[in-house]
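**Student:** Let me begin by handing over the structure; questions about it come next.
The values are calculated or read from the model by the stated rules, or taken from the named source; none is laboratory data. Bear in mind that the values here come from a model prediction, so they are computed numbers and not experimental data. Note: accessible area is taken over every heavy atom of the protein model, side chains too, but ligands, DNA and RNA are not part of it. Shrake-Rupley method; radii C 1.70, N 1.55, O 1.52, S 1.80 Å.
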Amino acid sequence: MAILNHGDTTAASGTSPAAAAVNVAPPMHSLVQPVLDADEFRRQGRLVVDFIADYYTRIDEYPVRPAVAPGFLARQLPEAAPARPEPGGDALAAALRDVRDLILPGVTHWQSPRHFAHFATTGSNVGALGEALAAGLNINPFTWAASPAATELEVVVTDWLGKALHLPERLLFSGGGGGTLLGTSCEAMLCTLVAARDRKLAEIGEERMGDLVVYCSDQTHFSFRKAARIAGIRRGNCREIPTSRESGFALQPRTLLAAVRADEAAGRVPMFLCATVGTTPTAAVDPLRELCAAVAGRGVWVHVDAAYAGAACVCPEFRGATAGAEAVDSFSTNPHKWLLANMDCCALWVRRPEALTAALGTDHDVILKDPSSERGGGVVDYKDWQVALSRRFRALKLWLVLRCHGVEGLRGLVRADARFEVPVPRQFALVCFRLRAAAAAAVGEKRGRDRDNDAEPNELNRRLLEAVNATGRAYMSSAVVGGIYVLRCAIGNSLTEERHVREAWRVVQEQATAVLAAAACTEERAVRSAR
């Protein structure tokens, strides 16, 4: 490894490495170049930009998912960091060669046009440059005074984005609410859970903390349970309400209401509901208006996790997915999924910002206290809207994306092959499909297996996914919904074209043929052995 190949050796005279270093090491100031030398920064910046540009030019050539074993990289690196820069004065160029030769072979290429396993993280040229600009300015806008423009840009850009998504006015600063930019949806869940918790405890008394109950569906992302535990909610008080295939795996108001009433009858206190627009397994959409009506009058905080599908509301045809959002308390979505902002960027809007600041505010340190706030300046101190104190200047990259880009097939392929089915309705850009039970039954019919048993088609579909991903030509994932195993193909990367989707489907068909043939051979051998 070029940049790290610099282990000390004993001098020929017999002097120990430590003594030799003491005797010959030049002063530290002669080893370190100025950190922000403008000309050198420009030169190094070009190296990095060229490296990234070359990477995207060749990204389609890489296997989407690497074929490496745990520890592969550690075995190629020394145990300690380098003591000095690369000899020859171009440490960055050597480091970039090592990125190419050692790091990239072990990378899952999330921006690959053939990555269909997860919801996309859509990077863009403008997003990457906005990220670089924010990193270069290196601002920590935790209060208005710490960086007035950074705070005010975040206020502006969250209102811009909220209007682009057609969110209710009451969630925007212009309507008395407000938005902020966080890292992940889990952060948004945690912040709103803490705000809802403190609001409810102020009403019923802190001694009843153990009675608080939160609600979600069995399709809600696991990060909600994690956030609830961090917020102090008992594990047994997190209600996962079952969904069904008949309802498209959306949370049903009547089952929610039944759970709430049961808790009330048992003396517990309903506190928080997490509804989802675009669930991870199938992109199901929970009916916001009906769910809000089911818990109305109980002081339940309703949060909408629209991490994946919220961004789709920039399109008029998808705005029905958030119908009823005027009654929710908070709403979050991830611009890094569809809106060309680079990782990581989660936008959170709340109807009552004072609920966040009451729970998360930190006004006791004189260094953090903003004199403008004391004078009634009406400023926003975003440190009081979140758990972390340090903040990134995410508003700058999102503002650049909106400024520069503006606001404004697979299902048919699957259904053309009789061996496959789409068991749940296609939502947004996610298609869930599987080999039909009949295909599995045809393999096992020699031994009279039950055609209605899901175990065999589930196993065949599991093998199919493994075979598809092992090719390196496509990368998909899976989910188990309603007891059936489905393959998930999430289309959405910026570089994905129709040819990549068709190629991925050819891979699926080829591997399905191979998997079914292998299963048939196994069955034939089993039948012969039984005789």
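**Student:** Express in Å², to the nearest 10, the accessible area of D159 obtained by rolling a 1.4 Å probe over the protein heavy atoms while all chains stay in place.
**Tutor:** Here the residue's solvent-accessible area equals roughly 20 Å².
**Student:** Let me ask something additional. Considering only protein heavy atoms and a 1.4 Å probe, what is the carbon-and-sulfur percentage of the accessible area of region 105-236?
**Tutor:** 56 percent
**Student:** Compare L133, L167 by solvent-accessible area with a 1.4 Å probe and give them largest first, with all protein chains kept in place.
**Tutor:** Highest to lowest solvent-accessible surface, that is L133, L167.
**Student:** OK, next. Please compute the per residue accessible area over region 278-355 with all protein chains in place, 1.4 Å probe, rounded to a whole number of Å².
**Tutor:** It amounts to 28 Å² per residue over region 278-355.
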